[in-house]
Amino acid sequence: AFQPGDRGLYSPEVLSRHLSENQISHPASQTLRANNQATLAWIGGKSETWTEKSHSFWPGQKIHKSVILINDSRSSQSYEARWGVGSPDSVLKGTLSVGQILILPIEFTTPSQPGSYAIQLSATIGTAIHADRLAFRVFAKPTPASSTLAVWDPVGHTSKILTAAGYRVTPASASSKGLVIVGRQALSSGAKPPFDLEKFTSQGGRLLVMTQDPAWLTSQLGFRVAAYATRRVFPMIHERTIGVGLSGADLADWAGTATLKPAYPDPNTLPRPTNDSSPTHGWVWGMRGVVSSAMVEKPHRTGWTPLLEGEFDLAYSPLLTMSYGKGRVTLCTLDLEDQFASEPVAQLLLPRVVAAASAVPSLPRVPSLAFVGGNSELLDTVGVSYQKRQTLDPAIPLSVIGPDATVSEAQVSRYLTNGGRILFLPRRTGFGPAALTQQAEFGGSLAIPDWPEAVGLSPSDTRKRSHSNSWLVSGVETGADGLLGRWRVGRGVAIFFQMDPDLLNADTRTYFRQTRWRQTRALSQVLTNLGATFPQDSRFFRPAPEIPGSVALIGEWQAQMTQATLNLPATPSNDPGPSPAALALLQGGNEGGWSKIQAPGFWSEMDGKISEAVLRRAVTVPQNWVGKDLVLRLGAVDDYDTTSFNGEIVGQTNRTTEQWWSHRRAYVIPGRLVKEQNVITVRVVNSSGAGGLGGPPHHMGLDLRGFVPPLALYHPDYRSDFELGDDPYRYYRW
């Protein structure tokens, strides 16, 4: 092993020698060695954009790529690079000078027959031998569509690609039948739909909603959206409509550039973690190759079913569908509008998405299932509509049986024989033919059963982030290695659901919090497949800018400069504390001299001057909040702050805590301070550049502490009152 302080620790020569001497056979070690040599050679994109990774083409298409050669050795090296489709029979020769990076353009015409192919590269640089292979696929061009579609598309992006695909487009209206397509950014543009979309869907209509602005999906519809754009998507296991014949490689690195998000946002607008100069979610390096600009985290507490998945922990989806009343709504956030002209797979997917939105049958829903048992906390967490019963009610075709219920096997058999559907909540004792066995240190499962009751489940839902004890089912059809069981009797079916979020103890073992989210979603998914109804589903049709339990703080604040200059060292230092003028304002003083400022925003470009200002805002909270604990979220404050609520200081952040200008402020407000009319005062010290409230709008708000909105789509344990909260994208930067 290398020792601390070894010179040349990361040099290619040392690394290569170390790996070869130890004859490491692990694939990761082999890859590390292959890509850390003094010379390198590989196949890149066309020479102007050599990092592009397009790999899906039409027959007879002329393709431009490049051979990239690097000489990082201490002497000039001759090279010979052979490349070709199928066999490397084209030759490039020359000499690489010291430190030279050479990008050699190559071009070829794709085969006339659809199929899978590869560009092969074999290169010798000096005495080193390199090889690379770029797999690509040639698709047959789709037959142009010929049907007519009703479309509401005030922005116009979606109509263009539908017309290019051969569809005839007509304006959607209240008299439209069958499928109606809502175009890209139609809803988020603020335009009013020409008819009641909820009524249309609930009465049996089909709605296909193309992607909307990511911030709108979050603020109005309550979805969590992936922090940055997505370049890799995968078909769901056992999905039989969208992903047939397509692999994860086909749904990755599309040709073209997405435009829904800025390709190179101002890095100063990106949130940063504690004492770090790089953004929380990593840098944004363009929008080329993007498949989806607005991947939605699969909701935990709704009837949405994903058809594709990707991103962190496979917990996100760019294509979800949901039965609603007698109809169905499909949400598509694939960047089809941007990539249609350049990406073959986007052209293949468009008619599939349209067909799926139109043809996938709507599942019959039970308005309110019957719960038999005593403890219904798990159903309350999921948010499903239910009514309590002492025993099975044949008039209600869907029932959930708790582990403490007193029902007999004979009662269950009769109920199932007549076509009833049952879900058994997690048990520790068997029932009927099902036996339960405890398995210690069980890590979950990657095996999703091909059952209609398991549609939409993913290994993301059934695996765990660590090992723990589980009670597994046997004696009936088993799925997910015993986490699921199926018992069919007559026309009915019973599902044993053995993913028990309560066993995870996730409040103490916090690394299980996301596993608890996934298991909650899995329960919602199985209930959805059985026909359950979720009140949260209506949120899609009733956008709400401010959900109950949260008061927005964006918009106009008052501002007052209390010290135009401060005598602080040139290097970042501790906050010296409020000046007398600022302290008086923090304690409720109301001297004149206030001006106006918009938040989020900065009061001025200070040209590096060190200054102190006080920002203030009056806020009214619901009467039923009075006397209750709140959480004040200010987003990122540039640089230090001292914050008071109704004249009492409730929090401060400075260099001492190593959490300063990029840190999201979240301060608990004790209930004794909370009145119906309140004043928030924030004293801000700016050490350089601009000063003020600099985070994104959705990071600013006043929340009822611990409140779960009635139409919340996700598990209620999400925390935002510590650095990065439960944001899974804190891993993205790794």
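Among the numbered conditions (1) surrounded by fewer than 20 Cβ atoms within 10 Å (Cβ to Cβ); (2) over 30 Å from THR381 (Cα atoms), the only one that GLN339 does not meet is (1). When each of GLY482, GLY492, GLY531 is tested for being of a type outside the set (Lys, Arg) and in contact with a Gly (Cβ under 9 Å, 6 or more places away or on another chain), the lone residue that passes is GLY492. Does PRO433 satisfy the condition of being open to solvent by 10 Å² or more (accessible area, probe 1.4 Å) and out of contact with any Phe, Trp or Tyr (no Cβ under 9 Å at 6 or more places or on another chain)? No.
Of the residues in the range 212-235, none is part of a loop (DSSP other than H, G, I, E, B), of a type in the set (Lys, Arg), touching a Ser or Thr at 6+ places or on another chain (Cβ under 6 Å) and open to solvent by 20 Å² or more (accessible area, probe 1.4 Å). When the range 89-138 is filtered for residues that are within 35 Å of the chain's Cα centre (by Cα) and outside any loop (DSSP other than H, G, I, E, B), the ones remaining, listed by number, are GLY115, SER116, TYR117, ALA118, ILE119, ASP132, ARG133, LEU134, ALA135, PHE136, ARG137, VAL138.
For residues that are under 19 Å from SER342 (Cα atoms) and of a type in the set (S, T, N, Q), scanning just the range 133-174, find the one that is surrounded by the most Cβ atoms within 10 Å (Cβ to Cβ). So, considering only residues that are under 19 Å from SER342 (Cα atoms) and of a type in the set (S, T, N, Q), the one surrounded by the most Cβ atoms within 10 Å (Cβ to Cβ) is THR158. The residues of the range 648-683 that are open to solvent by less than 60 Å² (accessible area, probe 1.4 Å), modelled with pLDDT under 90 and of a type in the set (A, V, I, L, M, F, W, C), listed by number, are TRP660, ALA666.
Let's see how each residue does on (1) open to solvent by 10 Å² or more (accessible area, probe 1.4 Å); (2) outside any strand (DSSP E or B); (3) farther than 18 Å from ALA346 by Cβ:
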| position | (1), (2), (3) |
| --- | --- |
| LEU260 | yes, yes, no |
| PRO265 | yes, yes, yes |
| SER278 | yes, yes, yes |
| GLY303 | no, yes, yes |
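Restricting attention to the range 600-644 and to residues that are at pLDDT below 85 and in contact with an Asp or Glu (Cβ under 8 Å, 6 or more places away or on another chain), the residue that is surrounded by the most Cβ atoms within 10 Å (Cβ to Cβ) turns out to be TYR640. Counting only strands (runs of 3 or more DSSP E) wholly contained in the range 320-413, the ones carrying 1 or more residues that are closer than 22 Å to GLN519 by Cβ and polar (S, T, N, Q) occupy 398-401.
For every residue, the table says whether it meets (1) under 22 Å from the mean Cα position of the chain (by Cα); (2) open to solvent by less than 20 Å² (accessible area, probe 1.4 Å).
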{"site": "LEU423", "(1), (2)": "no, yes"}
{"site": "GLY443", "(1), (2)": "no, no"}
{"site": "VAL476", "(1), (2)": "no, no"}
{"site": "ARG491", "(1), (2)": "no, no"}
{"site": "PHE497", "(1), (2)": "no, yes"}
{"site": "GLN514", "(1), (2)": "yes, yes"}
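Restricting attention to the range 146-158 and to residues that are in contact (Cβ under 8 Å) with a residue 40 or more places away in the chain and outside any helix (DSSP H, G or I), the residue that is farthest from SER358 (Cα to Cα) turns out to be TRP152. ILE161 falls short of the stated requirement of being part of a strand (DSSP E or B), over 30 Å from TRP451 (Cβ atoms) and touching a residue at least 40 places away in the same chain (Cβ under 8 Å). Report yes if SER188 is in a loop (DSSP other than H, G, I, E, B), free of Cβ contacts under 8 Å to residues at least 60 places away in the same chain and of a type in the set (Gly, Ala, Ser), otherwise no. The answer is yes for SER188. Could you say whether any residue in the range 285-296 is surrounded by fewer than 21 Cβ atoms within 10 Å (Cβ to Cβ), touching a residue at least 60 places away in the same chain (Cβ under 8 Å) and touching a strand residue (DSSP E or B) at 6+ places or on another chain (Cβ under 9 Å)? The answer is yes, given that some residue of the range 285-296 is surrounded by fewer than 21 Cβ atoms within 10 Å (Cβ to Cβ), touching a residue at least 60 places away in the same chain (Cβ under 8 Å) and touching a strand residue (DSSP E or B) at 6+ places or on another chain (Cβ under 9 Å).
The values are calculated or read from the model by the stated rules, or taken from the named source; none is laboratory data. These numbers come from a predicted model, not from an experiment. Virtual Cβ from ideal backbone geometry, glycine too; neighbours counted across all protein chains shown. Ligands, DNA and RNA are stripped out before the accessible areas are found, and what is left, the full protein with its side chains, is counted by its heavy atoms. Shrake-Rupley method; radii C 1.70, N 1.55, O 1.52, S 1.80 Å.
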